[in-house]
Amino acid sequence: MSSMDHPHHETWPRSIHDRDGNAYVLRPMQISDFDVVKGFFHAMPREDRMFLRYDVEGSQQFEHRLIETLRHPRSLRLLAFRDGILAGHGLLEPNPHLWSQHVGEVRVIVREGFKHKSLGSIILRELVDQAGLRGFDKLTARIMDSQNAVRKMCERVGFSAEAELKNHVMDLDGKKHTMLVMSCSLDDAWHAMELLLSDVAPWAR
């Protein structure tokens, strides 16, 4: 079953708008998007690639992960296109441990030139919505302590820091960082998003 055939995707593709009113097409990744998604990650500035878990430069492990998440029925890769350009990427996937199958993990990346327009928050909101359909009731996001913009984005959608692991992750330059584990219940996330909807709500246009 392909990503587009999954029953949770029956409303895709859909149109969303960022804070400036720019329109995007949001839909799940398909296997035919493989090269486009690879190109998206390869085009990231090095300062952004520093925070990726996998080295995208010639990494077979990275390519394997792309395919693996497409095949998993509870995983979702969301792509946001503007004028044919992949502007944003979101990932929802289950915790790999059997005792935490109710926990999903989210990650969002926005292409340079499309940042600071609320696109990341919109993609994250869609992942939260989809998490409920996939049987998750808690979400986590793991980030480095220096990713201040990502932390603020997560906090706006109801996440809070649950743990700090000192010197737990290493960037491409070999520098160690503290890893923040942010989390939220779906109830908390939905409440936070209701507050956002009453404010700017660019995705509701």
Residue within the range 176-191 that is outside any strand (DSSP E or B), within 22 Å of Arg19 (Cβ to Cβ), of a type outside the set (A, V, I, L, M, F, W, C) and at pLDDT below 85 present: yes
Boolean, Phe81 is closer than 18 Å to Tyr24 by Cα, under 17 Å from the mean Cα position of the chain (by Cα) and not in a helix (DSSP H, G or I): yes
Complete set of residues in the range 6-54 that are modelled with pLDDT of 90 or more and in a helix (DSSP H, G or I): Ile31, Ser32, Asp33, Phe34, Asp35, Val36, Val37, Lys38, Gly39, Phe40, Phe41
Hey, Met182 hydrophobic (A, V, I, L, M, F, W, C) and buried (at least 19 other Cβ atoms within 10 Å of the Cβ) or not: yes
Wholly enclosed strands (runs of 3 or more DSSP E) of the range 85-159 bearing at least 1 residues polar (S, T, N, Q) and out of contact with any helix residue (DSSP H, G or I) (no Cβ under 8 Å at 6 or more places or on another chain): 138-144
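The values are calculated or read from the model by the stated rules, or taken from the named source; none is laboratory data. Just so you know, these numbers come straight off a predicted model, no measurement behind them. Reconstructed Cβ throughout: ideal geometry from the backbone, glycine too, with neighbour counts over all protein chains shown.
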